[in-house]
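Following: one structure in structure tokens, then a few remarks.
The values are calculated or read from the model by the stated rules, or taken from the named source; none is laboratory data. Remember, predicted model here, so these are calculated numbers, not experimental data. Note that each Cβ is placed from the backbone with ideal geometry, even for glycine, and that neighbours are counted across all protein chains shown. Calculation scope for accessible area: heavy atoms of the full protein, side chains included, ligands and nucleic acids excluded. Shrake-Rupley method; radii C 1.70, N 1.55, O 1.52, S 1.80 Å.
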Number of protein chains: 4
Amino acid sequence: MKVTFEELNRFLQDQFPQGAAYGSLQKLGDGWAEMTLDVDDGHLRPGGTVSGPVMMGLADVTVYAALLSKIGLVPLAVTTNLNINFLRKPQAHTPIRAKATMLKVGRTMGVGEVFVYSEGVDEPVAHSTMTYSIPPEKYQN
Amino acid sequence: MKVTFEELNRFLQDQFPQGAAYGSLQKLGDGWAEMTLDVDDGHLRPGGTVSGPVMMGLADVTVYAALLSKIGLVPLAVTTNLNINFLRKPQAHTPIRAKATMLKVGRTMGVGEVFVYSEGVDEPVAHSTMTYSIPPEKYQN
Amino acid sequence: MKVTFEELNRFLQDQFPQGAAYGSLQKLGDGWAEMTLDVDDGHLRPGGTVSGPVMMGLADVTVYAALLSKIGLVPLAVTTNLNINFLRKPQAHTPIRAKATMLKVGRTMGVGEVFVYSEGVDEPVAHSTMTYSIPPEKYQN
Amino acid sequence: MKVTFEELNRFLQDQFPQGAAYGSLQKLGDGWAEMTLDVDDGHLRPGGTVSGPVMMGLADVTVYAALLSKIGLVPLAVTTNLNINFLRKPQAHTPIRAKATMLKVGRTMGVGEVFVYSEGVDEPVAHSTMTYSIPPEKYQN
């Protein structure tokens with residue numbers, strides 16, 4: 001692991017100055033990460049269910065965390081491709097949890113997969129794979 | 001066209017009660033739609049550039065609008081798959097615009113593609129294709 | 001499991017009359033399947049490495065097998081969406097193996113994920129998720 | 001345009017030694033290409049309709065041609081991501097045609113989109129977007 005839980009948590013808070021609206025880091029390992037997001041009214045579609053873009057946002061930042069666990073704190077790593085399948089309707093008024101694992105981390109690209117769940121429910125509500133572009137070292141922070 | 005611009009605009013406002021945070025309908029045609037989103041601090045990554053999930057959100061609702069122009073006001077149509085390629089860095093502090101066209105609208109599924117732009121710049125910042133599931137008529141509104 | 005290994009194997013052979021060019025069923029479980037494909041000259045790009053479309057073909061039929069293990073022998077189930085990430089260069093002149101698992105099987109759609117490997121190498125050469133459309137019962141075989 | 005129609009045609013034939021099984025180059029422009037593929041028994045699913053993987057293969061090589069029109073004859077450019085939506089059933093016993101356009105060509109990556117048709121039918125049977133990785137110049141043949 002290239003960063004500690006605390007270092008990454010602080011880094012994410014700096015990267016996303018609008019508070020914890022992007023999610024909270026829960027666990028971090030070598031090439032994997034888990035984050036949760038409390039769902040509030042701004043995240044919901046009618047019926048109280050969390051919207052697709054909110055789930056995509058949590059999936060995205062969780063893969064980012066998993067990527068950084070491998071390459072260190074690189075702020076200029078950006079998503080180049082994201083594919084997501086929405087599998088089941090999320091539970092209303094329930095936090096969402098994302099678990100991401102890197103499938104490959106190369107010199108210029110990282111590919112990760114992430115499962116999104118309604119907290120406390122076994123079957124995933126969404127599954128996504130995405131590619132992050134890793135900038136050349138001379139451009140890293 | 002199954003709905004007028006005004007009908008769809010009102011419908012979207014009801015669907016997204018948190019104001020115009022999802023985007024503003026600009027144009028509507030038979031199977032296509034254009035929407036814009038003013039970018040504010042909550043949408044930005046460090047450096048002032050609009051985030052991926054915000055672009056995905058605008059892309060998603062613009063395809064939804066294009067779909068509804070074909071099938072009418074169906075609130076239970078939901079995204080089942082979304083794929084997006086981020087092509088170029090968006091301009092900082094600039095609204096984003098999405099133009100969506102339906103590639104196919106069937107009985108149970110609609111597939112659309114959408115280009116996302118920084119307002120005033122020709123080259124797209126992102127391109128996405130997505131699939132919406134259309135619920136059986138007995139479940140419509 | 002809705003079919004036995006032998007039933008599915010025979011069914012696939014009928015579906016793909018050009019012999020075992022699509023792959024060989026190796027293992028079958030409830031919602032998962034494994035298939036391999038021997039690589040010959042027709043499958044190769046210069047350098048002896050198996051081509052992308054050949055890997056996509058094996059991924060596709062392996063998810064099909066995993067799907068049928070859940071829903072039975074439905075010939076009209078077709079792929080509606082496929083997303084694939086090519087992660088590593090396959091080994092030259094080496095068979096490829098695919099392991100597919102269904103993420104969700106509903107009434108009208110099934111979503112599966114599949115890892116593709118060069119036989120004998122731990123790290124996957126590709127990863128794919130895809131959606132199959134399941135025709136209404138009155139249209140099944 | 002970085003290559004002529006004849007140069008690219010010859011190059012593709014060298015790259016794919018098994019004859020014209022990959023498709024025939026029909027038109028080439030600056031950042032776009034069109035190819036067709038005659039469909040024979042080996043390409044078909046029961047019912048005489050061309051299979052998904054065959055359409056993916058034609059889509060893939062047509063984007064490759066469009067990419068090379070921009071960057072020249074680079075044999076080591078490889079597909080890293082491909083997403084495809086199958087929209088309509090192809091016509092039985094009918095050639096397929098693919099039209100690809102590059103959405104962006106950068107230094108390390110190119111993203112293209114491609115429509116696939118049954119020859120003579122207006123509505124596309126499939127639509128795909130894909131990313132090609134462009135190797136550093138020192139690795140280019």
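Could you look through the range A:97-118, keep only residues that are small (G, A, S) and in contact with a strand residue (DSSP E or B) (Cβ under 8 Å, 6 or more places away or on another chain), and pick out the one that is farthest from A:T129 (Cα to Cα)? My answer is A:S118.
For the criterion of being in contact with a helix residue (DSSP H, G or I) (Cβ under 6 Å, 6 or more places away or on another chain) and of a type in the set (G, A, S), A:A98 passes.
Given the criterion more than 22 Å from D:V111 (Cα to Cα) and within 13 Å of another protein chain (Cβ to nearest Cβ), identify the matching residue among B:P95, B:P136.
B:P136
Filtered by the rule that a residue be part of a helix (DSSP H, G or I) and either at the interface with chain B (Cβ under 7 Å from one of its Cβ atoms) or surrounded by fewer than 18 Cβ atoms within 10 Å (Cβ to Cβ) (or both), the range A:44-69 gives A:G52, A:P53, A:M56, A:G57, A:D60. Starting from residues that are in contact with a strand residue (DSSP E or B) (Cβ under 9 Å, 6 or more places away or on another chain) and either modelled with pLDDT of 95 or more or more than 13 Å from every other protein chain (Cβ to nearest Cβ) (or both), keep the ones in the range C:1-16 and report whichever is nearest to C:A92 (Cα to Cα). If we take residues in the range C:1-16 being in contact with a strand residue (DSSP E or B) (Cβ under 9 Å, 6 or more places away or on another chain) and either modelled with pLDDT of 95 or more or more than 13 Å from every other protein chain (Cβ to nearest Cβ) (or both), then C:N9 is nearest to C:A92 (Cα to Cα).
Look at (1) more than 8 Å from chain B (Cβ to nearest Cβ); (2) free of Cβ contacts under 8 Å to residues at least 40 places away in the same chain; (3) closer than 27 Å to A:T4 by Cβ and you find that A:A21 fails only one, number (1).
Residues of the range A:74-95 that are at pLDDT below 95, among the hydrophobic types (A, V, I, L, M, F, W, C) and more than 21 Å from B:L76 (Cα to Cα): A:V74, A:L76, A:A77, A:V78.
Among the residues of the range D:17-27, those identified as under 14 Å from D:L37 (Cα atoms), modelled with pLDDT under 95 and out of contact with any helix residue (DSSP H, G or I) (no Cβ under 7 Å at 6 or more places or on another chain) are D:G19, D:A20, D:A21, D:S24. Among the residues of the range D:122-134, the one identified as touching a strand residue (DSSP E or B) at 6+ places or on another chain (Cβ under 9 Å) and surrounded by fewer than 14 Cβ atoms within 10 Å (Cβ to Cβ) is D:E123. Scanning the range D:81-92 for residues that are of a type outside the set (A, V, I, L, M) and closer than 15 Å to B:M109 by Cβ turns up D:N85, D:F86, D:R88, D:K89.
Return the only residue of D:L103, D:L82, D:L87 being in contact with a helix residue (DSSP H, G or I) (Cβ under 8 Å, 6 or more places away or on another chain) and either over 20 Å from C:A126 (Cβ atoms) or in contact (Cβ under 8 Å) with a residue 12 or more places away in the chain (or both). If you could, list the steps in order and put the result at the bottom.
Details: D:L103 fails: in contact with a helix residue (DSSP H, G or I) (Cβ under 8 Å, 6 or more places away or on another chain); D:L87 fails: in contact with a helix residue (DSSP H, G or I) (Cβ under 8 Å, 6 or more places away or on another chain).
After ruling out the rest, the residue left standing is D:L82.
Any chance the range B:26-41 includes a residue that's among the basic types (K, R), in contact with a strand residue (DSSP E or B) (Cβ under 8 Å, 6 or more places away or on another chain), farther than 28 Å from A:V125 by Cα and assigned to a strand (DSSP E or B)? Checking the range B:26-41: at least one residue is among the basic types (K, R), in contact with a strand residue (DSSP E or B) (Cβ under 8 Å, 6 or more places away or on another chain), farther than 28 Å from A:V125 by Cα and assigned to a strand (DSSP E or B). Test of understanding: among D:E34, D:E137, D:E119, which residue is more than 24 Å from C:N83 (Cβ to Cβ), without any contact (Cβ under 8 Å) to a residue 24 or more places away in the chain and either open to solvent by 50 Å² or more (accessible area, probe 1.4 Å) or not hydrophobic (A, V, I, L, M, F, W, C) (or both)? Among D:E34, D:E137, D:E119, only D:E137 is more than 24 Å from C:N83 (Cβ to Cβ), without any contact (Cβ under 8 Å) to a residue 24 or more places away in the chain and either open to solvent by 50 Å² or more (accessible area, probe 1.4 Å) or not hydrophobic (A, V, I, L, M, F, W, C) (or both). Scanning the range D:76-92 for residues that are open to solvent by less than 20 Å² (accessible area, probe 1.4 Å), within 13 Å of chain B (Cβ to nearest Cβ) and among the hydrophobic types (A, V, I, L, M, F, W, C) yields a count of 3.
Would you check if C:R107 is within 11 Å of another protein chain (Cβ to nearest Cβ), among the charged types (D, E, K, R) and closer than 21 Å to A:V114 by Cα? No, not satisfied.
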